[in-house]
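Undergrad: Before we start, here is the structure in question, set down as structure tokens.
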Amino acid sequence: MNFYAHPTAIIDDGCQIGIGTKIWHFSHIMPGCVLGEQCNVGQNVVISPEVVLGNNVKVQNNVSIYTGVTCEDDVFLGPSMVFTNVINPRSAVNRKHEYAKTHVGKGATIGANATIVCGHDIGEYAFIGAGAVVTKTVAAYALVVGNPSKHIGWMSQYGHRLQFDKDGKATCPESGQNYELKNGAVTILTK
């Protein structure tokens with residue numbers, strides 16, 4: 001094996017797990033999952049069938065990732081956050097054929113105890129605050145908080161809140177990267 005799995009972890013047949021990935025205590029990786037290289041799957045995590053995680057995805061303890069979710073590289077999923085996959089679940093009604101998809105863009109962060117209602121994508125480098133309930137699509141670099149979540153600002157690739165000047169320009173204080181806010185969308189000007 002080119003990955004590590006704690007002896008209490010359950011990994012079903014038919015999973016693809018990348019080099020250097022670590023799967024910790026009491027986690028369950030279900031059939032058809034694809035986990036990229038260098039991922040870290042914390043304790044008591046459930047990854048349902050056919051979920052796809054890119055490289056270097058960090059999944060903290062007690063996270064549930066249900067069928068229909070894909071995460072690009074470098075996504076951070078905070079402790080006890082959860083994705084849903086059915087809009088109107090009922091115990092007595094089988095809706096497996098109605099699973100809605102959710103895509104999380106590269107470098108996005110989803111905070112502790114947040115809930116992502118299915119069918120709403122998260123843009124690259126977006127930042128979902130702890131406890132937020134996301135009920136609509138989130139733009140790239142957006143900062144959203146609350147229940148239901150509201151867009152309150154913009155974040156840099158390094159996770160700092162961006163302060164745009166009157167010309168729509170901002171600089172990340174850590175990386176020095178420059179950003180532009182134009183027509184309600186953020187783009188990076190320097191790499």
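All of the numbers you see were taken from the coordinates with simple rules; none came from a lab. Small disclaimer: the values here were computed from a predicted structure and weren't measured. When we count neighbours, we look across all protein chains shown, and the Cβ atoms used for this are built from the backbone with ideal geometry, even at glycine.
Undergrad: With an 8 Å cut-off on Cα pairs and a minimum separation of 6 or more residues, tell me the relative contact order of the chain in percent.
TA: Computed over the chain, the figure is 10 percent.
Undergrad: Moving on. How much length would be gained if the chain were fully extended between Asn94 and Lys150, taking 0.36 nm per residue of separation minus their Cα-Cα distance, in nm to one decimal?
TA: Values: separation 56, 0.36 × 56 = 20.16 nm, distance 3.19 nm.
Working it through step by step, the gained length comes to 17.0 nm.
Undergrad: Taking 23 Å as the cut-off for C-alpha to C-alpha distance, list the pairs among Lys136/Lys182; Lys58/Lys182; Lys106/Lys136; Lys58/Lys96 that go past it.
TA: Result: Lys58/Lys182; Lys58/Lys96 exceed 23 Å.
Undergrad: Continuing with the same structure: Could you list Val82, Val186, Val69, Val41 so that the one with the fewest beta carbons within 10 Å of its beta carbon is first and the one with the most is last?
TA: Taking fewest neighbouring Cβ atoms as first place, the list is Val82, Val186, Val69, Val41.
Undergrad: On to the next question. Among Asp167, Asp12, what is the fewest-to-most ranking by other Cβ atoms within 10 Å?
TA: Ascending number of Cβ neighbours within 10 Å: Asp167, Asp12.
Undergrad: Region 94-136: D in µm²/s via Stokes-Einstein (Kirkwood Rh, Cα pairs, 20 °C, 1.002 mPa s)?
TA: 195
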